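*Asks:* Supplied in structure tokens, the structure appears directly below.
The values are calculated or read from the model by the stated rules, or taken from the named source; none is laboratory data. Everything quoted here is computed from the prediction, not taken from an experiment. Cβ atoms come from the backbone with ideal geometry, glycine included; neighbour counts cover every protein chain shown.
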Amino acid sequence: MDNPSALSASAGPLDPEHPASSYALEPDVATPLIARIVTSQTSGTHTSELPFTGAPLVTFPTSSDDDVELAFSRARAAQPSWAATALRERTAVLRRFADLVLERQTEVLDIVQMETGKSRTSAFDEVAYCSVAARHFSVRAGRYLADRREPGMFPVLTSVTVDRRPVGVVGVVSPWNYPLTLSVSELLPALVAGNAAVLRPDPQTTLTALWAVELLAEAGLPDGVVQVVAGGGEIGAAVVDRADHIAFTGSTPTGRVVGRRAGERLIGATLELGGKNPLYVADDVDPVLAASGVARACFANTGQLCVSIERLYVHEDVLDEFLEVFVPLVRDLRLGTGLDYGYDIGSLTSQAQLDRVQGHVEDAVARGARVLAGGVHRTDVGPYSYAPTVLSDVPDDAVCTTEETFGPVVAITVVGSDDEAVERMNATQFGLNASVWTGDTRRGRRIAARIDAGTVGVNDGFTSAWGSVGAPQGGHKSSGLGRRHGREAIEAMTESRSIVVQHGVMRGLSLDTLYDTGAARATGLLTGALRLMNRLRLP
Ligand code: NAD
């Protein structure tokens, strides 16, 4: 641990370099967090697992359908006065949150690592994101929410103002892979726009989300504005059934279910779903400068990252040079467990994740793929540790060619030109993130403009695209619907209202009075006016 916090960890046998086998969430940390869950006496319980060892981590009560109803009624009761709070006070909460999350990072780094098994560096990425996003929305919310003037139907006579109102209560269903980031990324725009929220974090990572909500309260968010319900998919569905807008992050199949329900209820939905993200190494790349960035793009968070790279297209002219640097670098990545920065790659989060990753690699190898690095379940490190894996010669019908692996596995394919790279990068049902590496950033932009994905990084795997929170982030094709971040996030969680004022009516200047003079005369005059407006190219 960086410094003593209320959480404790002690040594164990699996990873001799980071010998930690008994991690514990201390009651004085866990109990007040758990008390925030909306539960009644009849609710069940859930025990999460410590991925570093496979042992039970924490048991907490889960919410029932009635509890979800209660959470929404509390949120609805708190929302009007929060919406009526001056914007500068709402943004001040975010500003304080941006500082507090940095100050209190040790606590949450420990909780995130214990719930997910990720490395401390990946956990820190979550902390940094929270600060970046909270600062952004605190600074830009005024601009995003400002009233907008639009040209009226008749110049001078008509004026139009568009304002934005919060939708009411936003439902947030967040997954386990980035439990802090993916809860906060939806809560911040929802709250700053004057909404209340009901959050259902994944059962494996509920405490991380509770910690974020506790910190928002410390930053000054009034009681009741964010409610947390706990439980699995059925509780997520109960949130979708009641929300005024649903922000869902998860897989494409579940996203389709959520989207159908949102459609039936005619509520807005932001669906952030799966990817099979490609990266192209062009022929003008310096392999030494590119290799570590490419490795991070593939293996950060043990590959359990919606925007991480699973398909690597390398130009034939730099293939040998690139592999000479890249493959040893991947082999040398340090796997580990433990609450410190002493290793690069953490554990997978669950047995289900391990099964999926192993299944994809075994299937590819059975179909003729070659393993250039990894391909090994590292039981010596932890029960769910899996070595970062580089495959080549993966056939088109392999499962890991078409389906998201969501683990530390990348398949290398050789290409002969930019055109071939673009064609292959786009040959997928997904379109979440993509990356182009080149010595010429103008060429990078040109290639990026041909890629069908919500974000495309040039000489960046995902970090800058994800951290540039003023720009929309989301998926094309089966990777999602709607966008998080920036103006788009605020617009998704607010309703526009157009207020149109006719200035001449009380002076007898209106369409009605014009038509009262006779339809033939009125339409003749209107035709002339419209011709003039066309000529003047009025908007
Ligand atoms: P999943 O779809 O199985 O589950 C996601 C969450 O949805 C879970 O917490 C689950 O409890 C809940 N859920 C299940 N059924 C539901 C329903 N009917 N209504 C509401 N909620 C329901 O996904 P997962 O395997 O837990 O997460 C990994 C997936 O998430 C990957 O596909 C990954 O790409 C995706 N993801 C996407 C992004 C993004 O921003 N695009 C970010 C992170 C993860």
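*Asks:* Only one of these is in contact with an Asp or Glu (Cβ under 6 Å, 6 or more places away or on another chain) and closer than 16 Å to VAL409 by Cα: ARG334, ARG356. Name it.
*Replies:* Values: ARG356 fails: in contact with an Asp or Glu (Cβ under 6 Å, 6 or more places away or on another chain).
The unique qualifying residue is ARG334.
*Asks:* Here is a further query. When residues of segment 58-83 are filtered for being in contact (Cβ under 8 Å) with a residue 12 or more places away in the chain and either of a type in the set (Ser, Thr, Tyr) or surrounded by fewer than 21 Cβ atoms within 10 Å (Cβ to Cβ) (or both), how many remain?
*Replies:* Going through segment 58-83 one residue at a time, the tally reaches 15.
*Asks:* Of (1) at positive phi; (2) at pLDDT 95 or above, VAL156 satisfies all except one. Which?
*Replies:* Going through (1) at positive phi; (2) at pLDDT 95 or above one by one, VAL156 breaks only (2).
*Asks:* Of everything in segment 189-203, what is in contact with a strand residue (DSSP E or B) (Cβ under 6 Å, 6 or more places away or on another chain) and crowded, with 22+ Cβ neighbours inside 10 Å? Give them in sequence order.
*Replies:* Applying the first criterion (in contact with a strand residue (DSSP E or B) (Cβ under 6 Å, 6 or more places away or on another chain)) to segment 189-203 yields 190, 193-201, 203.
Of everything in segment 189-203, those that are in contact with a strand residue (DSSP E or B) (Cβ under 6 Å, 6 or more places away or on another chain) and crowded, with 22+ Cβ neighbours inside 10 Å turn out to be ALA190, ALA193, GLY194, ASN195, ALA196, ALA197, VAL198, LEU199, ARG200, PRO201.
*Asks:* Look through ALA411, ALA471, ALA434 and report the one residue that is out of contact with any Phe, Trp or Tyr (no Cβ under 9 Å at 6 or more places or on another chain) and assigned to a strand (DSSP E or B).
*Replies:* Matching residue, one of ALA411, ALA471, ALA434: ALA411.
*Asks:* Has segment 127-139 got any residue that is more than 21 Å from the chain's Cα centre (by Cα) and surrounded by fewer than 20 Cβ atoms within 10 Å (Cβ to Cβ)? It would help to see each step written out before you state the result.
*Replies:* Initial filter on segment 127-139 (more than 21 Å from the chain's Cα centre (by Cα)): none.
Looking through segment 127-139, none of the residues is more than 21 Å from the chain's Cα centre (by Cα) and surrounded by fewer than 20 Cβ atoms within 10 Å (Cβ to Cβ).
*Asks:* Of the residues SER347, SER385, which is surrounded by 19 or more Cβ atoms within 10 Å (Cβ to Cβ) and touching a residue at least 60 places away in the same chain (Cβ under 8 Å)?
*Replies:* Just a single option satisfies the conditions, and that option is SER347.
*Asks:* Keeping to segment 162-188, report how many residues are surrounded by 24 or more Cβ atoms within 10 Å (Cβ to Cβ) and more than 13 Å from the chain's Cα centre (by Cα).
*Replies:* Selection size over segment 162-188: 4.
*Asks:* Just to be sure before I move on: is ASP244 in the same structural domain as GLY336 (by TED's automatic domain parsing) and either crowded, with 22+ Cβ neighbours inside 10 Å or in contact (Cβ under 8 Å) with a residue 12 or more places away in the chain (or both) in the structure I sent?
*Replies:* no
*Asks:* Quick one: which helices (runs of 4 or more DSSP H) sit completely within segment 478-539 and have at least 2 residues that are acidic (Asp, Glu)?
*Replies:* Details: elements: 486-492, 511-516, 519-535.
In segment 478-539, the matching helices (runs of 4 or more DSSP H) lie at 486-492, 511-516.
*Asks:* Which one is surrounded by the fewest Cβ atoms within 10 Å (Cβ to Cβ), of the residues in segment 350-366 that are over 16 Å from ASP380 (Cβ atoms) and under 25 Å from the mean Cα position of the chain (by Cα)?
*Replies:* Selected residue: ALA352.
*Asks:* Answer with yes or no whether ARG265 is surrounded by fewer than 24 Cβ atoms within 10 Å (Cβ to Cβ), within 27 Å of ALA489 (Cβ to Cβ), among the basic types (Lys, Arg) and in contact with a helix residue (DSSP H, G or I) (Cβ under 7 Å, 6 or more places away or on another chain).
*Replies:* It is false that ARG265 is surrounded by fewer than 24 Cβ atoms within 10 Å (Cβ to Cβ), within 27 Å of ALA489 (Cβ to Cβ), among the basic types (Lys, Arg) and in contact with a helix residue (DSSP H, G or I) (Cβ under 7 Å, 6 or more places away or on another chain).
*Asks:* If ARG531 passes every condition in (1) surrounded by fewer than 12 Cβ atoms within 10 Å (Cβ to Cβ); (2) within 30 Å of ASN195 (Cβ to Cβ) but one, which one does it miss?
*Replies:* Failed condition: (2).
*Asks:* What are the residues in segment 176-198 that are touching a His at 6+ places or on another chain (Cβ under 9 Å) and assigned to a loop (DSSP other than H, G, I, E, B), if any?
*Replies:* Once the filter is applied, which keeps residues that are touching a His at 6+ places or on another chain (Cβ under 9 Å) and assigned to a loop (DSSP other than H, G, I, E, B), segment 176-198 yields only ASN195.
*Asks:* For segment 204-284, list the strands (runs of 3 or more DSSP E) that sit wholly inside it and hold at least 2 residues that are more than 8 Å from the ligand (Cβ to nearest atom), of a type in the set (Val, Ile, Thr) and more than 18 Å from the chain's Cα centre (by Cα); which are they?
*Replies:* Output list reads 226-228.
*Asks:* While we're on this one: Out of ALA489, ALA471, ALA465, ALA453, which single residue is within 16 Å of the chain's Cα centre (by Cα), surrounded by fewer than 17 Cβ atoms within 10 Å (Cβ to Cβ) and within 16 Å of the ligand (Cβ to nearest atom)?
*Replies:* Details: ALA489 fails: surrounded by fewer than 17 Cβ atoms within 10 Å (Cβ to Cβ); ALA465 fails: surrounded by fewer than 17 Cβ atoms within 10 Å (Cβ to Cβ); ALA453 fails: surrounded by fewer than 17 Cβ atoms within 10 Å (Cβ to Cβ).
After applying the criteria, what remains is ALA471.
*Asks:* Going residue by residue through segment 311-327, is there one that turns out to be touching a residue at least 12 places away in the same chain (Cβ under 8 Å) and within 16 Å of the ligand (Cβ to nearest atom)?
*Replies:* The answer is yes; a qualifying residue exists.
*Asks:* Pick from GLY359, GLY382, GLY338: which is more than 26 Å from VAL281 (Cα to Cα) and modelled with pLDDT under 95?
*Replies:* Among GLY359, GLY382, GLY338, only GLY338 is more than 26 Å from VAL281 (Cα to Cα) and modelled with pLDDT under 95.
*Asks:* Against the condition touching a Lys or Arg at 6+ places or on another chain (Cβ under 6 Å) and farther than 26 Å from ILE499 by Cα, how does VAL162 come out, does it pass?
*Replies:* When the stated conditions are applied, VAL162 does not pass them.
*Asks:* Are there any pairs, at least 6 apart or on different chains, whose C-beta atoms fall under 8 Å, with the first in segment 94-114 and free of Cβ contacts under 8 Å to residues at least 40 places away in the same chain and the second in a helix (DSSP H, G or I), and if so, which?
*Replies:* ASP99/SER131; LEU102/VAL127; LEU102/SER131; GLN105/PHE124; GLN105/VAL127
*Asks:* If you go through segment 440-462, how many residues are free of Cβ contacts under 8 Å to residues at least 12 places away in the same chain and part of a helix (DSSP H, G or I)?
*Replies:* 2
*Asks:* Tell me which strands (runs of 3 or more DSSP E) are completely within segment 298-395 and hold 2 or more residues being in contact with a helix residue (DSSP H, G or I) (Cβ under 6 Å, 6 or more places away or on another chain) and over 30 Å from LEU182 (Cα atoms), or say none if there are none. Outline the logic, then answer.
*Replies:* On the way: elements: 309-315, 370-373, 389-392.
Those strands (runs of 3 or more DSSP E) span 370-373.
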